[in-house]
Amino acid sequence: MAEGERQSPPDSSEDIPPATQNFIIPKKEIHTVPDMGKWKRSQAYADYIGFILTLNEGVKGKKLTFEYKVSEAIEKLVALLNTLDRWIDETPPVDQPSRFGNKAYRTWYAKLDEEAENLVATVVPTHLAAAVPEVAVYLKESVGNSTRIDYGTGHEAAFAAFLCCLCKIGVLRVDDQIAIVFKVFNRYLEVMRKLQKTYRMEPAGSQGVWGLDDFQFLPFIWGSSQLIDHPCLEPRHFVDEKAVNENHTDYMFLECILFITEMKTGPFAEHSNQLWNISAVPSWSKVNQGLIRMYKAECLEKFPVIQHFKFGSLLPIQPVTSC
């Protein structure tokens, strides 16, 4: 873990004693397209992208089966996600005329809406209890929209923001970096895939075959970082079914590819054109750099995604303060 331990966003607000910080309920601040300038100049944007890049560095060249430290906070987050998973089992889909967007999802979501603060309180120590209502908002935002019964990269970003906030109040620490991606985020992906399949959720703002994936983006970034300098797996191999089947349990990127091929029919080049194009890139480090650029352009700089992002005291809309 030598890399990525340089002064990094997960510890960046250690200078503010969280117990004395004034926590606030996050709210939307990006109401019109011109507001996007405020977002790109904000402390929230700097901290969020810094968090994503720090984790990207932390998992570089490491398999999911790599030995890493699992702290009590990580275990508690996994238990929280296991609870969400169990609630899916307890809330089966209902019979309804429309194929997509099963209304049982709203019942499942209502339970989370009601219990979110209690769930977050199981992860946050009592001396930081004042932070719970603020942090819990990001958890509620991270599982999809209960009106539209859809899910997309904006919801995924809310979960990353949830983890970033836990870092900022000191619940998660620098040496949790690998476990944040491999244990917590990976478990989150499993739960989201189960939600998507069980309730046939619509992709939020899907760009069809021209998007990277209907639902996720971050596992492709961190997953490509895992594969940097791999002795034999090259980008061209991820469109090879045999290579995916043999290696998906070690690499997040290949697990995503497996899920796409299970959910979609027809030639890969047709249903996932962007990914097909990426398979022609010569190295994983180039894939990783390109995906980071694409994530900024296609997710973080797109008004339909960021208009839903919420800002509080931990991820503030205020402009970056220069050191």
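Just so it is clear, none of the values below were taken in a lab; they were calculated from the coordinates. The shown structure was predicted, so the numbers you read here are calculated from the model rather than taken from an experiment. All Cβ positions, even for glycine, are placed from backbone atoms using ideal geometry, and neighbour counts span all protein chains on display.
Mean residue ellipticity at 222 nm from the helices of the chain, using -39,500 (n - 2.57) per DSSP H segment of n ≥ 4 over the full residue count, to the nearest 500 deg cm²/dmol? The helix contribution divided over the chain gives -14000 deg cm²/dmol.
Relative intensity of segment 140-259 on a log10 scale, I(q)/I(0) at q = 0.11, 0.13, 0.20 Å⁻¹, equals -0.41, -0.57, -1.19, per a Debye sum over C-alpha point scatterers of equal strength in the absence of solvent.
Here the label points at Lys27 and Lys197, each 7 Å from Cα along the C-beta direction, are separated by 4.1 nm in the simple model.
Peptides 61-68, 29-36, 170-177 ranked from most to least packed by the mean count of surrounding Cβ atoms within 10 Å: 170-177, 61-68, 29-36. Magnitude of the charge dipole for segment 31-304, about its Cα centre and with charges confined to Cβ atoms of Lys, Arg (+1) and Asp, Glu (-1), is about 440 debye.
Other residues whose C-beta falls under 11 angstrom from the C-beta of Arg148 contribute a net charge of -1, scoring Lys and Arg +1 and Asp and Glu -1. Comparing mean-square fluctuations of His127, His308, His237 from a GNM of the chain with C-alpha springs under 10 Å, the top value falls on His127.
Taking a Cβ cut-off of under 14 Å around His237, the surrounding Lys, Arg, Asp and Glu residues balance to a net charge of -3, with basic ones at +1 and acidic ones at -1. The dipole here belongs to segment 231-323: it is taken about the Cα centre, uses +1 on the Cβ of Lys and Arg and -1 on the Cβ of Asp and Glu, and is about 460 debye.
Among residues other than Phe303 whose Cβ falls under 13 Å from its Cβ, what is the net charge (Lys/Arg +1, Asp/Glu -1)? Spell out each step's value before the answer.
Details: positive: Lys28, Lys38, Lys40, Lys302; negative: Glu29, Asp35, Glu298, Glu301.
Neighbourhood net charge equals 0.
Each residue, Phe100 and Ala297, gets one label point 7 Å from its Cα in the Cβ direction; the gap between the two is 2.6 nm. The ellipsoid equivalent to the alpha-carbon distribution of the chain has semi-axes of 28, 25, 20 angstrom, derived from the gyration tensor eigenvalues as √(5λ) and listed largest first.
Let me check against my output: what whole-number percent is the relative contact order of the chain, with C-alpha pairs under 8 Å and at least 6 apart? Let's see the in-between values first.
Values: 456 pairs, mean separation 100.2, N = 323.
Reported as a whole number, the value is 31 percent.
When the charge dipole of the chain is built from unit charges on Cβ atoms (+1 for Lys and Arg, -1 for Asp and Glu) and taken about the Cα centre, the candidate among Val305, Val174, Val143 whose Cα reaches farthest toward its positive end is Val305.
Taking 19 Å as the cut-off, the amide N atoms of segment 169-206 that come nearer than this to a point 7 Å along the Cα-to-beta-carbon line of Glu67 belong to 175-180, 182-183. The equivalent ellipsoid that matches the C-alpha gyration tensor of segment 226-276 spans semi-axes of 19, 12, 9 angstrom, in descending order.
What GluC sites (Glu not before Pro) in segment 207-311 are in a loop by DSSP, with at most 16 other Cβ atoms within 10 Å of the Cβ?
On the way: sites: Glu241, Glu246, Glu255, Glu262, Glu270, Glu298, Glu301; in loops: Glu301.
Loop-located and lightly packed - Glu301.
Values of log10 I(q)/I(0) for segment 213-304 across q = 0.10 Å⁻¹ run -0.23, by the Debye formula with one identical scatterer at each alpha carbon and no solvent.
Annotation: lysines with alpha-carbon distance below 16 angstrom to Lys183 (same-chain offsets under eight excluded): Lys60, Lys62, Lys63, Lys69, Lys76.
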